[in-house]
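Below: the structure, in structure tokens.
What follows draws every value from the coordinates through simple rules; no lab data is involved. These figures come from a predicted structure and were not determined experimentally. Positions of Cβ are generated from backbone atoms using ideal geometry, with glycine treated the same way; all protein chains shown enter the neighbour counts.
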Amino acid sequence: MKIRYFAWLRSKTGVGGEEIALPDGVATVAQLMDWLGRRGPGYADAFANRAVIRAAVNQDYVAPDHPVRDGDEVAFFPPVTGG
């Protein structure tokens, strides 16, 4: 599974992306965020307020209950605004 972090999520985790094996017991985006948040202080800080984090799986915006699988690309980013 490829994980990508954008904007302040990248700053807080200290990485722009990484590849991981899907952890046991992780089946949804929300569970993945929970697992990532337990990886260390930077990750805990990045995922502390999940309500403001948006996710995409394989480049499609998804809800937190969306399933994840090995081989997926999951991206996390703050809300996007524009004009």
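Considering only the chain, what is the antiparallel percent among its DSSP beta bridges, to the nearest 5? Mind showing how you got there, number by number?
Details: 11 of 15 bridges.
Given both bridge residues lie in the chain, the antiparallel proportion sits at roughly 75 percent.
Please compute the alpha carbon radius of gyration of region 23-83, then divide it by the globular-protein estimate 2.2 N^0.38 Å. Two decimals is fine.
Values: Rg = 11.7 Å, N = 61, 2.2 N^0.38 = 10.5 Å.
Scaled against compact globular proteins, the figure is 1.12.
Under a point-charge model restricted to the Cβ atoms of Lys and Arg (+1) and Asp and Glu (-1), what is the dipole moment magnitude of the chain relative to its Cα centre, in debye to the nearest 20? Before the final figure, lay out each step's value.
On the way: 9 positive and 10 negative charges, 64 e Å.
I would put it at about 300 debye.
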